[in-house]
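What follows is one structure encoded as structure tokens, with my remarks underneath.
The values are calculated or read from the model by the stated rules, or taken from the named source; none is laboratory data. These figures come from a predicted structure and were not determined experimentally. All Cβ positions, even for glycine, are placed from backbone atoms using ideal geometry, and neighbour counts span all protein chains on display. We work out accessible area using only protein heavy atoms, side chains counted, and drop any ligands, DNA or RNA first. Shrake-Rupley method; radii C 1.70, N 1.55, O 1.52, S 1.80 Å.
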Amino acid sequence: MLNIDLTGRRALVAGVADDGGYGFAIAKSLAEAGAFVSVGTWPPALNIFMNLLERGKMDESRRMSNGELMQFEKIYPLDAAFDTLADAPEDIRGNKRYRDAGDFSIDGLANRIRGDFGEQSLDIVVHSLANGPEVRKPLLDTSRGGYLTAVGVSAYSLVAMVSRLSPLMRRGGSFLSLTYMASEKVIPGYGGGMSSAKAALESDTRTLAFEAGRKYGLRVNTISAGPFASRAASAIGIIDKMVEYCAANSPLPNPLTAEEVGVAAAFLSSPLASGITGTTIYVDKGYHSMGMAVTASGDAGKSE
Ligand SMILES: NC(=O)c1ccc[n+]([C@@H]2O[C@H](COP(=O)([O-])OP(=O)(O)OC[C@H]3O[C@@H](n4cnc5c(N)ncnc54)[C@H](O)[C@@H]3O)[C@@H](O)[C@H]2O)c1
């Protein structure tokens, strides 16, 4: 039978701090397929995450189909706003949630992976993180600082990760990120330059695919996921409305699950997708293909 077999492959999922987002679901799918999975966690969320894990609060969601609990090979502190530790301002480095974390930069992450597993030790990298401090503000009211932070953390971080982690990857390896269709169509309420960041992420996916493909034999893709009420998405303030609207107006009129994104990510990260790179893949119940709302309430066209 054709199946997704990642036995012996090593994966890093950057952007996991609880069991309620796409990163966790992707990590679980990769583990189900047999991969060793490490995660990168934002230092301010690290303690809570470790506590939840240690106190068994995530055991139910970690339970895999074989009955075992998904194990993380490593949990690395990662602040994707910084390429090197020296880039982090003094007040961040001295902050109590950062100061014991060691080198939490992207460079630090690459060095730790090299130290833990050696060269040519990584097959799969998933970028599942974003942050726009002014996401609730319309673009018109967004400050330069807020805009640049959104683009820096949510888009440039992928460039920095591909640049620094590619040398550690085995040929045929895969980078994957998560984007949102606000990059190409207006989603009122998705502000603060986050739409700009996602547009950059999708464009960079194409360019990075070419460059990393030629230089390292690696693939780079992005999943344009439908709305889902994760912790990060709840910060947007209108996520429940977005989920409901999409479910009502999509070809498949029910809410998207994180697991649906997780299994698509496992496929794209696997050798079965060896011919796919530079691409934005929609995992959104088909919402992106619609050009008109079904009805004001979204009822018409709903399957029985
Ligand atoms: N939830 C949605 O509706 C939706 C839709 C399309 C795309 N996405 C994208 O999916 C990805 C994952 O988001 P999610 O919605 O699953 O939420 P999530 O809360 O599970 O993941 C976001 C993660 O980013 C981390 N993070 C924030 N700033 C960081 C930084 N500076 N350095 C390192 N990590 C940082 C957070 O701690 C969190 O773990 C994001 O790229 C998001 O834009 C989400």
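Using the Cα atoms of segment 157-219, I'd like the radius of gyration and the largest Cα-Cα distance, Dmax, both in angstrom.
13.4, 41
Could you tell me what fraction of 2.2 N^0.38 Å the Cα radius of gyration of segment 98-221 comes to, as a two-decimal ratio?
On the way: Rg = 15.8 Å, N = 124, 2.2 N^0.38 = 13.7 Å.
The value comes to 1.15.
Order these peptides, 230-239, 284-293, by their mean beta-carbon neighbour count within 10 angstrom, highest first.
Ranking, from highest mean packing down: 230-239, 284-293.
GNM, the chain, Cα, under 10 Å: largest mean-square fluctuation among Ile26, Ile92, Ile106?
So, out of Ile26, Ile92, Ile106, the one fluctuating most is Ile92.
Provide the packing ranking of 197-207, 218-228, i.e. peptides ordered by the mean count of other C-beta atoms within 10 Å per residue, highest first.
The packing order, highest mean first, is 218-228, 197-207.
Going highest first, how would you order 137-150, 119-132, 181-194, 57-70 by mean Cβ packing within 10 Å? The partial results should precede the final answer.
Numbers: 137-150: 15.2, 119-132: 23.2, 181-194: 19.4, 57-70: 12.6.
Descending packing order for the listed peptides: 119-132, 181-194, 137-150, 57-70.
As a check on your grasp of the helix formula, calculate [θ] at 222 nm for the chain: sum -39500 (n - 2.57) over DSSP H runs of n ≥ 4, divide by the residue count, round to the nearest 500.
Result for the chain, helices only: -10500 deg cm²/dmol.
Would you kindly compute the Cα radius of gyration of segment 88-148 and its largest Cα-Cα separation (Dmax), both in Å?
Using the Cα atoms of segment 88-148, the pair Rg, Dmax is 16.4, 47 Å.
Considering only Phe72, Phe104, Phe117, give the residue with the highest GNM mean-square fluctuation for the chain, with springs between Cα atoms whenever their separation is below 10 Å.
Most flexible of the set in this elastic network: Phe117.
If the convex hull of the alpha-carbon atoms of the chain is projected onto planes in all directions, what is the mean projected area in square nanometres? List each step's numbers first, then the result.
Numbers: hull surface 67.3 nm².
Hull-based average projected area comes out at 16.8 nm².
What whole-number value in Å² describes the accessible area per residue of the chain for a 1.4 Å probe?
Solvent-accessible surface per residue comes out at 48 Å².
Rounded to two decimals, what is the ratio between the C-alpha radius of gyration of segment 1-115 and 2.2 N^0.38 Å?
1.14
Which entries of Lys28/Lys241; Lys198/Lys241; Lys57/Lys241 show an alpha-carbon separation above 31 angstrom in the structure shown?
Table pairs above 31 Å Cα-Cα: there are none.
On the accessible surface of segment 150-253, probed at 1.4 Å, how many percent belong to carbon and sulfur atoms?
The computed percentage sits at 57.
What do you get for Rg/Rh of segment 174-304 when both radii come from the Cα atoms and Rh is the Kirkwood radius?
Reported Rg/Rh, Kirkwood definition of Rh: 1.00.
Once Rh for segment 57-166 is found with the Kirkwood sum over Cα pairs, what is the Stokes-Einstein diffusion coefficient at 20 °C and 1.002 mPa s, in µm²/s? Can you show the working numbers first?
On the way: Rh = 16.2 Å.
Calculated translational D: 132 µm²/s.
Along the Cα→Cβ direction, 7 angstrom out, place labels at Arg144 and Arg99. What is the inter-label distance in nm?
Here the modelled spin labels are 3.3 nm apart.
Per the Kirkwood definition applied to all pairs of different Cα atoms, how many angstroms is the hydrodynamic radius of segment 115-184?
With all distinct Cα pairs of segment 115-184 included, I get 13.9 Å.
Of Arg55, Arg214, Arg114, which has the largest mean-square fluctuation in a 10 Å C-alpha GNM of the chain?
Arg55
Keeping the other protein chains in place, figure out the carbon and sulfur percent of the accessible area of segment 62-123, with a 1.4 Å probe. Before the final figure, lay out the partial values.
Working: 1380 of 3260 Å².
C and S atoms contribute 42 percent here.
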